[in-house]
Structures are given as C-alpha cells and as structure tokens.
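Single-structure report; data block below.
A short reminder: the numbers here are calculations on the coordinates, not readings from a lab. In this text the structure is predicted, and so the values were computed from the model without any measurement. Every residue, glycine among them, receives a Cβ derived from its backbone with ideal geometry; neighbour counts consider all protein chains shown.
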Amino acid sequence: MRKSQKVALSGLLTAFAAVMVMISNIMPAGMYTFPAAAGVIVYILSFIVGRSYGWASFGAVALLSFFLCADKEAALSFILFFGYYPMIKQALERIPVRFLAYLPKLAIFNAAAVSVYFLMLWVFALPADTFEFFGINMPLIFLLLLNFIFLLYDYAITVFMKAYQQKIYNFVTKVKRKF
C-alpha cells in the first residue's frame, strides 16, 4: 500500500471513528457502545496500515471527541480506555498463561473506569447524588457490573478480529490482487 493510500485510509477511518464517538450526543444509550465501536475502528486501521497510523488516529479521535463531543463521559471513556485498549490487547494476550493475561487487562480497565468516575465528579462537577439509587451509593455495584461487561467486550473483540482477519481482510486482499 502506498503512503498516500495509507494517509487517505487513515483520514477516512479516523473521521468515521470520531463520528462514532459523537453519535453518543444524539443517542445517550450508546454512551459506551459508540466509543467502544470507535476503538475497534481504530484497531482495524492499525491492523491494515500499521501501529503508528493507529496511534496517530487514536490521538486525532481523542482530541476531536474531547473538544467537539458534548457528552464528555463518552469522550473520556474513549480517551481513557476504549480508544487504545484494542491496540494494546494483542500485546497483553502474548502472556502465556491465559489467567495471568486477564490481570493487567482488568487493572487497566478498572483504572480507566475509576478515572472517568472521579473526573466526572471533580472536573466536570457532576453531583455525587447522581450515583445514588434509593439512597444506595451505586459506583461499586456499577464497577462490578462493568467488569463483567468488560470481559464480554474483550471476548467480543477477540471473536470479531479473528473473523475480520480470516474472512474480510483475506477476501479484500484476494480481490485487490486481481486488479
């Protein structure tokens, strides 16, 4: 792939990922779904074009989403976790013992989740009673639920990327060779 093609593809996928993060403004139910999808798009870019382009795309989407996205929680979740996690996931999965590979993954996720929580409280002045339900403080329960959802997300990324590499990428490569 020529450098001009790499830059063009990077620009298109970066714009698409930025739009995915900003869609959470329109659909609040996608506050975590759209940043997660944007992170997968950035990972696909790094797989096709190279890691340096993937990290540059992550930086561009992070800046665009932070300054242009009205939903700061979605922007912060992309910046602090969903944007870079799919790219570092491969390195973490090289740990030979599968159980030990989940420890740094969970540590990174929990650090990001707690960071988003405290940034929303202290920097963006979200009232603390927002996280109460019938007088019960929910952040710890929410964090436990998020850990379970994270494990599902991690598995879903693995399945999606295997399917992408085996079917879509190989098909596109074969078609491209014919032309």
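Laid out as a table, the results:
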read-out: Normalised contact order of the stretch 3-178, rounded percent, pairs of Cα under 8 Å and 6 or more residues apart; value: 18
read-out: Lysine pairs meeting the criterion (Cα under 23 Å, 8 or more apart or interchain), as found in the chain; value: 17
read-out: Sites excluded, trypsin sites (Lys or Arg not before Pro) in DSSP loops with at most 10 other C-beta within 10 Å, longest stretch of the chain; value: 3-93
read-out: Cβ-based exposure ranking for 164, 85, in which fewest neighbours within 10 Å come first; value: 164, 85
read-out: Loop-located chymotrypsin sites (Phe, Trp or Tyr not before Pro) in the stretch 29-123 whose Cβ has at most 11 other Cβ within 10 Å (DSSP); value: none
read-out: Order of 158, 14 under a 10 Å beta carbon neighbour criterion, fewest first; value: 158, 14
read-out: Environment charge at residue 93 (Cβ cut-off 12 Å; Lys +1, Arg +1, Asp -1, Glu -1); value: +4
read-out: Residue-wise HN-Hα coupling along the stretch 110-120, computed from phi with Karplus coefficients 6.51, -1.76, 1.60 (Hz; x: Gly, Pro); value: 5, 4, 5, 5, 5, 4, 4, 4, 6, 5, 5
read-out: Ellipticity estimate at 222 nm from DSSP helix runs (n ≥ 4, -39,500 (n - 2.57)) divided over the chain, nearest 500; value: -23500 deg cm²/dmol
